[in-house]
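Written below as C-alpha cells is the structure these notes are about.
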Amino acid sequence: MFTDKGLNGVATDNIAIKVEDLSLRFGDKFALRDISLAIPANSITAVIGPSGCGKSTLIGCFNRLNDLNPEAKVSGKVYINDRNIYGLRQNIPALRTQVGMVFQQPNPFPISVYENVVYGLRIKGITDRRILDDIVESSLMQAALWDEVKDILFQSALKLSGGQQQRLVIARALALQPEILMLDEPTSALDPISTLMIEELIYKLKEKCTIIVVTHNLQQAARVSEQTVFLNKGDLIEYSLTDRMFTMPLHKQTEAFITGRFG
Amino acid sequence: MNTPQAFLLAIKEQWLKFVSSLALAVVFFALFGVLAIVIGNGLNFFWPKTIQSVEYSSAGSSPKTLFGYVSGERHRGTKGERVWLHLDSYERARNQTQLVLSPEQIIAQHTLSGVARIDLNDGRFLLSQPQYLRAAGDVVELSQLAVLQDATAVIVKQKSLLVEGELLSINQDIARLRMQGGAENSPAMLALLARYTSLREDIRELDRALDNYEIVLLSADGQKQQLQLQHVRQVFYPNDMTLWQKLMVFKNNLLLFLSEDTRDANQSGGVFPAIFGTVLMVLLMSVFVSPLGIMAAIYLTEYAPNNTVVSIIRLAVSNLAAVPSVVYGVFGLGFFVYKVGGNIDALFYADSLPNPTFGTPGLLWASLTMALLTLPVVIVATEEGLRRVPESLRHSSYALGATRYETIRRIVLPVASSSLMTGIILAIARAAGEVAPMLMVGAVRYAPELPVDAQWPFLHLDRQFMHLGVFIYEGAFQGQSTPQGAGMMFAACLLLLTVVLILNFIAIMVRSRLQKKYGH
C-alpha cells in the first residue's frame, strides 16, 4: 500500500501506527490528502513541514482529537493495535488513554501538581490512594520532575516554571501508561535548557512507548528522531530515516525546506 | 507641516480634554452628592441632636416657649420659615405636633441643660425636663430611674403573661363552650366565668401598680405633668452629653434600628423584618436562579450548535435583561400568583377556599419572579466565564480520555467558578433593590409575622413579607407629612446601600480567591 515516497529504510516489522489513504477536510478545504505511512513501535518519529502544512492535524487524527472540530471530515484508515480507530463503535476516551498527547503551550490544569498527574486515572475510576501515589511518583520520575516537585505536590501546578510545567504535562500523559506519546511542538515555548531536558526525556521514553514529535526546529528533528515525515500543504512529500532525509533528500521540496529556502 | 493646521489640531486636542474632564467632574459630583445625602441624612437619624428651647410670639398673644428640633424648612416668598417639632407633652408626641415659625416670630433661642428626650415604647418621643420620679406616692431621685424601670418591666411582663397566656386560653374555652351550646349557667361555664373575672381583677391590680410608677416632667412653659414609667423606653439628655456619650446613644439607636420590629406605621422602631425579608427573598431567589441560569449557560456554550435558532435564543436572553422590571412584576402576578397559585389552591387547599393560600402574593412568588428577572444576568455572566476557559485546557482534558461531561465538571466549571459567582452576586445586588415587581408579588409595608417561625413547616412560602426597597418607597410618601418617617427612609436607604455594598464586597473577595486558586 505504501507509495514510492515511503519506506526509505524505515523498519516495517514492528508497526505501532499504520495509516492508509488518510484524508481530512475542514469544510471543502483539504488539510490532509491521501496520507499513507507506518510508524515503527518504540522509536521516535519527527513530523516537519512549513506552518499550516497539517502537522498537528495529522497527529490529531491518531487520537481523534480532530473530532472536536465539527467541520473536520475524515476518510481513510488509521490502525492502532490492528484496529481501525475510525471504524465503527470505537471507544474514543479509551483510545485517548492509549495515545497520549502533549501540546505546544504548557497547559497544566489549575489544580495541584498531584491532581494534575492523577487526572486521567481519576477519570478511569481509580481511587485507591496507594496506586495513585505510586503512579504519581513513577510518572514524575520518568518525566525527570520528581526531585523538583516532590515537596510541593499539593501546591498549584501554575506555580511551576514553563519547563517544569511542560514536564508535568508529559508526566500527566505518562501516568496513563500510553503506548504512543505525541508531542506537538513541545519545546517551542521553552528556553534552551528546558528544551534540552525535554529532548533527553523524549530519548529515554522511547523504551516505554512510541513517540511522535511535531517540530518546527529542524535541528531538533535531526537530533532526536529516527525517522522523519515531511508534509507540505497536506501532502506527504517524503518519509524516510532521519539521517537519510537530512543528508540526501529524495525530493526537491524536501531539500528546499531543510536547506531553509522556504518554510 | 502647515502651521495653521497644526494650531487648529492643538486647539481641538485641548477642547476635547477640557470637555471630557468637565463631564467627569459632573459625574463625580452627581455620585458624590447621592452618597453624601444618603449617608448624611441616614446617620443623622441616629445621632442624638441638641434640643433647642425657643421663645416665640404667636400672633396677638404673650410670648411662649417650646422645646424642639428644627425638622425642615419651608420657603414662602423670601422668608425662610422653619418647621419646628414641638413635642413637649405626651399628647403632642402622640399627634406629632409641628409648628411653623418665621424668623420674626422667634424672640430668643438657646440650649438649656436638663432638657431630656424621652423615647416612648410606642416609638414616639417627647422633649421635656424631668423633675423627679414617683413610686407609690413617694418621691424618688431621678438617678433611680433604671431601678424603677426594672420594677415596671417586671410588672409589665407579669401582665402580658396573664393577658396572652391564661386570659387568652380562658376566652377560647368560653367561646368553645358557647359554640358547643353550653348553657350560660352550667357549672363549667360558671367556673370559667369566675376565673375570668378574677383574672381581670388581677390584671386591673397590676395596672394600678403600674400607675404608681411615674416620672414628673416640667414642660417648656412651666407646666408639670406626669408620665407613666411603663410607656418610657429611655431617657437621655442630649444637651448635657459628652461626645462619647452621644456616640454610645448613636450606637444603641443603630443597633435597635437593625434588630427591632417596626412600630407606629413604619415611622419608628427598627427595620429588622424588612432586612430579614429582603435577605430571605434574595437567598431563595439565588436557590432558584443559580442552577437554572448556570445549566442554561452550559448548554449554550458547550452543547448548542452554531445555528440561527441558537443565535436568536442568545439574543433573546440578553434582551430579556433590558425588559423593565415592572413587566416581570405583572407577569409574576398574572402567571405565578393567579395561574399557578390558583391551581395549587384548587388542587391541594380546596378546603380553605375561597381564602387563598398560594393564590395570593407571597414569598415564593416574589422569589420566583425575581429569579426570572435576574436569569439573563446569570446566564450572560456564566456564558462569558465559560467562554473564557482556554480551549487548550479542554483539549488536554479530552486528550487524557475525559468525556465532555467530565471535562465540564472537572475543568470548565472550576476554572469558570469565579465568573459563576460574579453572575450570582450581580443577580443578588439587582434583586435586593427592586421595588416595583415586589409590590405586586408579595412584599407589603407591614407584615405581622416573619416568613420563618417555630411552627411547622418553619419556612412559610405563602406569607407576605417586608422588603427594604418597599419600605423606602413607603417612607418616601409618608416622609412628606412626618419628619420622623423621612429620617427612617434615609436610614433605610443607607442600610440598603450598605447591604448591596457588602454583597459586592463579598463577591470581589470570593472572585479574587477563586481567581487565585484557578489562575487563568
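When restricted to residues that are crowded, with 21+ Cβ neighbours inside 10 Å and more than 10 Å from chain B (Cβ to nearest Cβ), segment A:165-178 contains 7.
Conditions tested, residue by residue: (1) touching a Cys at 6+ places or on another chain (Cβ under 9 Å); (2) free of Cβ contacts under 8 Å to residues at least 40 places away in the same chain; (3) crowded, with 21+ Cβ neighbours inside 10 Å.
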{"site": "A:50", "(1), (2), (3)": "no, no, no"}
{"site": "A:60", "(1), (2), (3)": "no, yes, yes"}
{"site": "A:66", "(1), (2), (3)": "no, no, yes"}
{"site": "A:70", "(1), (2), (3)": "no, yes, no"}
{"site": "A:81", "(1), (2), (3)": "no, no, no"}
{"site": "A:92", "(1), (2), (3)": "no, yes, no"}
{"site": "A:114", "(1), (2), (3)": "no, no, no"}
{"site": "A:124", "(1), (2), (3)": "no, no, no"}
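Of the numbered criteria (1) buried (at least 20 other Cβ atoms within 10 Å of the Cβ); (2) more than 21 Å from residue B:395 (Cβ to Cβ); (3) within 14 Å of chain B (Cβ to nearest Cβ), the one residue A:155 fails is (1). Checked against the criterion of being farther than 19 Å from residue B:119 by Cα, surrounded by fewer than 16 Cβ atoms within 10 Å (Cβ to Cβ) and more than 14 Å from chain A (Cβ to nearest Cβ), the candidates B:222, B:293, B:277 yield just one match: B:222. Does residue B:282 satisfy the criteria of being outside any helix (DSSP H, G or I) and within 25 Å of residue B:437 (Cβ to Cβ)? Answer is no for this residue.
Residues that are at pLDDT 90 or above and among the basic types (Lys, Arg) number at least 2 in the following strands (runs of 3 or more DSSP E) confined to segment A:42-161: A:72-80. Note on segment A:215-262: residues that are in a strand (DSSP E or B) and of a type in the set (Val, Ile, Thr) total 3. When segment B:125-157 is filtered for residues that are surrounded by 15 or more Cβ atoms within 10 Å (Cβ to Cβ) and farther than 20 Å from residue B:239 by Cβ, the ones remaining, listed by number, are B:133, B:134, B:135, B:140, B:148, B:149, B:151, B:152, B:155, B:156. Residue B:408 falls short on exactly one of the conditions (1) free of Cβ contacts under 8 Å to residues at least 60 places away in the same chain; (2) within 14 Å of chain A (Cβ to nearest Cβ); (3) closer than 23 Å to residue B:290 by Cα; (4) surrounded by 14 or more Cβ atoms within 10 Å (Cβ to Cβ), and that condition is (1).
Yes/no per residue for (1) closer than 30 Å to residue A:93 by Cβ; (2) among the polar types (S, T, N, Q):
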{"residue": "B:353", "(1), (2)": "no, no"}
{"residue": "B:369", "(1), (2)": "no, yes"}
{"residue": "B:378", "(1), (2)": "no, no"}
{"residue": "B:406", "(1), (2)": "yes, no"}
{"residue": "B:419", "(1), (2)": "yes, yes"}
{"residue": "B:422", "(1), (2)": "no, yes"}
{"residue": "B:435", "(1), (2)": "no, no"}
{"residue": "B:438", "(1), (2)": "no, no"}
{"residue": "B:441", "(1), (2)": "no, no"}
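Taking the listed residues B:327, B:323, B:287, B:271, the one that is loosely packed, with under 14 Cβ neighbours inside 10 Å and under 23 Å from the mean Cα position of the chain (by Cα) is B:287, with no other qualifying. Filtering segment B:208-244 to residues that are acidic (Asp, Glu) and outside any strand (DSSP E or B) leaves B:211, B:221, B:240. Within this structure, residue B:394 passes the test of being within 14 Å of another protein chain (Cβ to nearest Cβ) and out of contact with any strand residue (DSSP E or B) (no Cβ under 9 Å at 6 or more places or on another chain).
The values are calculated or read from the model by the stated rules, or taken from the named source; none is laboratory data. Not measured: the values here are computed from a predicted model. Neighbour counts run over all protein chains shown; Cβ positions are idealised from the backbone, glycine included.
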